[in-house]
1. What list do you get for T75, T305 if you sort them by fewest beta carbons within 10 Å?
2. What fraction of the Cα pairs in the stretch 66-121, stated in percent, has a spacing above 15 angstrom?
3. In percent, what relative contact order does the stretch 66-121 have, based on Cα pairs under 8 Å that are 6 or more apart in sequence?
4. Run the reach check for K344 against lysines, Cα to Cα strictly under 26 Å, same-chain hits fewer than 8 apart removed. What comes back?
5. Can you list the lysines whose alpha carbon is less than 17 Å from that of K45, not counting same-chain residues fewer than 8 positions off?
6. Work out how much length R312 to S218 would gain on full extension: take 0.36 nm times their residue separation and subtract the Cα-Cα distance, in nm to one decimal.
7. Please compute, over every Cα-Cα pair in the stretch 133-172, the percentage with a separation greater than 13 angstrom.
8. What residue among T76, A131, M87 has its Cα farthest toward the positive end of the dipole of the stretch 75-133, where the charges are +1 on Lys, Arg and -1 on Asp, Glu, each on the Cβ?
Amino acid sequence: MEETRGISLCDGLRHPLRSVSGSVEEYIMLHKDTFRTALQKICVKRKVSNVEDLLSEKTTVKPKPRFVRVNTLKTTTGSVIEVLSKMHKVDKDDMVPDMLVLPPGTDMHKHPLVTDGKVFLQGKASCMVAAAVSPKPGWKVIDACAAPGNKTVHLAALMNGEGSIIACELNKERAKTLQHTVRRSGANNIETVIGDFLNIDSNDPSYAEVRAILLDPSCSGSGISTERLDHLLPSHSIDDQDDAGSSARIRKLSAFQRKALSHALSFPSVERLVYSTCSIHQAENEDVVSSVLPLASSLGFELATPFPQWRRRGLPVFYGAEHLLRTDPEDDLEGFFIALFVRKAAAADALEPSEDGGALGRKRKRACTTRSGGLRAFSSLRLSRMDVLCSIWGI
């Protein structure tokens, strides 16, 4: 984490710096005068006398619990609790199965449970994504944008290592990280595909049995920006979040996200589709979901409610947004967004959420009423699939 923070500050400096090989310490020492000057300018701008005051300036960030996910492909939750409780206070999370909660600041990076792949250092919000997919053992599943692979191997654990997962990753270097994560997890039902998910033909017979898709596409990462200390960057201002939500970069990202989500909806046998981001911006979240609702309805999908007991839902910008899920630093979590699409025939057969996880999701009754609308309002649009795609992509 410390290395990430150093590079984030470097990237935000107004002085041109060339990247160098070697350790982060060498990099910082090489450019120490530039860093010192930049920090002095930030101190003047923020009207503080020294760097210590600058670091303590943002008091709203409180320490978060350390969440860890037990990899049930290699061990059991009970066994991990037995080991960790000898050194730490350990609680079971009340929502995500096989997730444990440790005190803030607990360092597990070099613990044998982690290095052996029996435990993954993964945030609760991130784990809620795969849990929302809730794939059944034996299913065929696609993780559309898989690297670094934490969610991919979580899917494998939820499936008890049965069935198959196609993990797509376009970037070759990130694919190496994905493959390392898969090896560390011990999962043997994951096939890594180095290529673009958008290039997969959804009508190809080899994908005819895909039952679930997890789509966690490239996003702004604004939900984890506080963790990166972005508020210390010279370019940061009070209005940054509002401006960023409508920036050219966000518009470009959301266009890609809409296209990827539309493609995921086109797989003929998919019963459950989760769209997620680690962004707080409406443009990448509610707006993307809203834009594909006509297409989703025409293909037999409707929004369901993952983790119905979770209080923080989507921004109320369209009928049915109450099905969406948001997490926030106020919840001691990163800022994530989750939308769950369920094909109506599958939804009719779905069981009520279980007491331990509650991730299966259900369609809230008020979404079927005239007042809230939900997806029912779109069922009468009579739009062809091509008409809808053209409207989404602006053709």
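1. On the way: T75 18, T305 24.
The order, fewest Cβ neighbours first, is T75, T305.
2. Values: 589 of 1540 pairs.
Counting pairs separated by more than 15 Å, the tail of P(r) holds 38 percent.
3. Values: 73 pairs, mean separation 27.0, N = 56.
48 percent.
4. Excluding near neighbours in sequence, the set is K136, K140, K151, K259, K363, K365.
5. K45 reaches K58.
6. Values: separation 94, 0.36 × 94 = 33.84 nm, distance 2.31 nm.
Separation in residues times 0.36 nm, less the Cα-Cα distance, equals 31.5 nm.
7. On the way: 339 of 780 pairs.
More than 13 Å apart: 43 percent of the Cα pairs in the stretch 133-172.
8. Of the listed residues, the answer is M87.
Any read-out appearing in this document is the output of simple, stated calculations on the displayed coordinates, not a laboratory observation. Computed from a predicted structure; not experimentally measured. In this analysis, Cβ positions are derived from the backbone assuming ideal geometry, glycine residues included, and neighbour counts consider all displayed protein chains.
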